[in-house]
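A.B. asks: Handing you a structure now.
Quick note: the coordinates plus some simple rules give every number you see, no bench work behind them. In this text, all values refer to a predicted model and were calculated from it rather than measured experimentally. Reconstructed Cβ throughout: ideal geometry from the backbone, glycine too, with neighbour counts over all protein chains shown.
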Amino acid sequence: MSKARNVLVVEDEQELTETMAEFLRMFGYKVYTAGNGYEALDLMKTTDIQVVVSDIQMRGMDGLTLMGEIKSRYPGLPVILITGVSPKEAKQIALEKGADAFMTKPFHMKKLKHVIESLCTKDE
Amino acid sequence: MNGDQTVDRKRILIVDDEEIVRYSLVNILRSHGYEVVDVASAEAGLKILYEQEFHLVLTDLVMEGMDGLELLENVKVLSPRTMVILITGYGSLKTAVTALRLGVYDYLIKPCDEDELLLRVRRALEMLHYGEEQQRLQDVSAIAKTAVTLSDQINTPLNIILGNIEILQLSPLLEHNENVQKSLKTMENQIFKIREVMEKLAKLTKAETKKYASLSDYEMIDLSSGKIE
């Protein structure tokens, strides 16, 4: 990877957030974290983010609502949605609403890294 | 109502102190395939309700001794699912309305005509069936909801374990330790086995929910508009 990428991980299960962050940092990503949609939007006001990885089911603002906000405030910013429930329907809804990628838990961190890489090179 | 032969054997208890009324009701209902028992007092009705199960009770309102309302209250305690239709004269219409509040499903005004009687009886029995289906649907959808939450609650920790296995696999200290790498691989495989089980569970629950959801839709259309699309 040529330059550091800022990734925002939004997930209310803190240990999963930390796991994703630790793995991505091993590959040179700068990882920011938020526990729900509101925190994420707050952070994005002051931080330049290149990719957002967000859980769908979260207390407070959920992942789909967050994605809607991101798509209207930061058009073109890639969003990867992740979920632990009913893959088929959730995937369809997520993609219809504009998610750039969708992953079902449990997913490989390697795969997440690969998806982030492909989304980052797409806009270069 | 379609042919009389298609009526499954629903059990109806008739409580009326006038023999002629009982005779007429019994004849009409039996000729339409219902299993009918008749008694001449609320006390006798209560006694038989202790011993046997009925889908529907048709009771006169004004009787010597225990009246129809008292019987109704007892039925609601003894057998809450049993439907009750009150038979009443014009003079007691006000009481009939009170009875509706007490849990009577419907009331018939004497003298009641055969078609009207059959219509009300059929409707009460349909409602009984609808109530049972609704209860089953509620049970199944509660299970489905639990399964969805359970799925997320299990998949998230699995993801944390998987992610940490991957971190260990890449750790410079363990990267070349074959035994450790083998153990990590075994753990990784087990995670996906658990996931498979969760998927099967989700599919199973979804199929069950669908089965009952469609049944319930059918019943709702049938009851509200009288026609099935």
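A.B. asks: Sticking to Cα atoms, compute the Rg of segment B:66-165 to one decimal and its Dmax as the biggest Cα-Cα distance, whole number, in Å.
C.D. replies: Cα only, segment B:66-165: 23.8, 81 Å (Rg, Dmax).
A.B. asks: Still on this structure, I have one more. Let's test the formula: R0 of 22 Å, r as the Cβ-Cβ distance of B:Y50 and B:R9. What FRET efficiency results, to the nearest 0.05?
C.D. replies: Computed FRET efficiency for B:Y50 and B:R9: 0.55.
A.B. asks: If R0 is 25 Å, what FRET efficiency do you get for B:L100 and B:E132 from their C-beta distance, rounded to 0.05?
C.D. replies: That pair, B:L100 with B:E132, gives E of 0.70.
A.B. asks: How big is D, in µm² s⁻¹, for the protein assembly as shown by Stokes-Einstein at 25 °C and 0.890 mPa s if Rh is the Kirkwood radius over C-alpha pairs?
C.D. replies: 96
A.B. asks: Residue by residue through B:146-157, how many Cβ atoms from other chains fall within 10 Å of the Cβ on average?
C.D. replies: Other-chain Cβ atoms within 10 Å of each residue's Cβ, averaged: 5.
A.B. asks: What share of Cα pairs, in percent, lie more than 21 angstrom apart in segment A:1-96?
C.D. replies: Cα-Cα pairs of segment A:1-96 separated by over 21 Å account for 29 percent.
A.B. asks: List the residues whose amide H sits under 5 Å from the amide H of A:Y32, counting only those 5 or more places along or on another chain, with H placed 1.01 Å from N in the peptide plane.
C.D. replies: Result for A:Y32 returns A:V7, A:L8, A:V9.
A.B. asks: Continuing with this model, one more query. So what is the diffusion coefficient of segment A:62-120 in µm² per second by Stokes-Einstein at 25 °C and 0.890 mPa s, using a Kirkwood Rh over Cα pairs?
C.D. replies: The Stokes-Einstein estimate is 207 µm²/s.
A.B. asks: Okay, next question. Would you kindly state the longest site-free stretch of chain A, with sites defined as trypsin sites (Lys or Arg not before Pro) in a DSSP loop (not H, G, I, E, B) surrounded by at most 12 other Cβ atoms within 10 Å?
C.D. replies: Answer from the scan: A:60-124.
A.B. asks: If amide hydrogens are placed 1.01 Å from N in the peptide plane, which non-local residues have theirs closer than 5 Å to the one on B:V84?
C.D. replies: Under 5 Å from the amide H of B:V84 lie the amide H atoms of B:V57, B:Y105, B:D106, each far enough along the sequence or on another chain.
A.B. asks: Roughly how many nanometres apart are two label points built 7 Å out from the Cα toward the Cβ at B:A142 and B:Q169?
C.D. replies: With each label point 7 Å from Cα toward Cβ, the separation is 4.2 nm.
A.B. asks: For Cα pairs less than 8 Å apart in space and 6+ apart in sequence, what is the mean separation divided by the residue count of chain A, i.e. the relative contact order in percent?
C.D. replies: 22
A.B. asks: Right, next: Quick one: if you stick a label point 7 Å off each Cα along the C-beta vector at B:L204 and A:K97, how many nm between them?
C.D. replies: A separation of 3.0 nm, rounded to one decimal place.
A.B. asks: OK, next. Considering the Cα trace of segment B:4-112, what is its radius of gyration and what is Dmax, both in angstroms?
C.D. replies: When restricted to Cα atoms, segment B:4-112 yields Rg and Dmax of 12.9, 38 Å.
A.B. asks: Could I ask something else about it? Could you list which residues have their amide H under 5 Å from that of A:M103, counting only those 5 or more apart in sequence or on another chain, with H placed in the peptide plane?
C.D. replies: Amide H neighbours of A:M103: A:L81, A:I82, A:T83.
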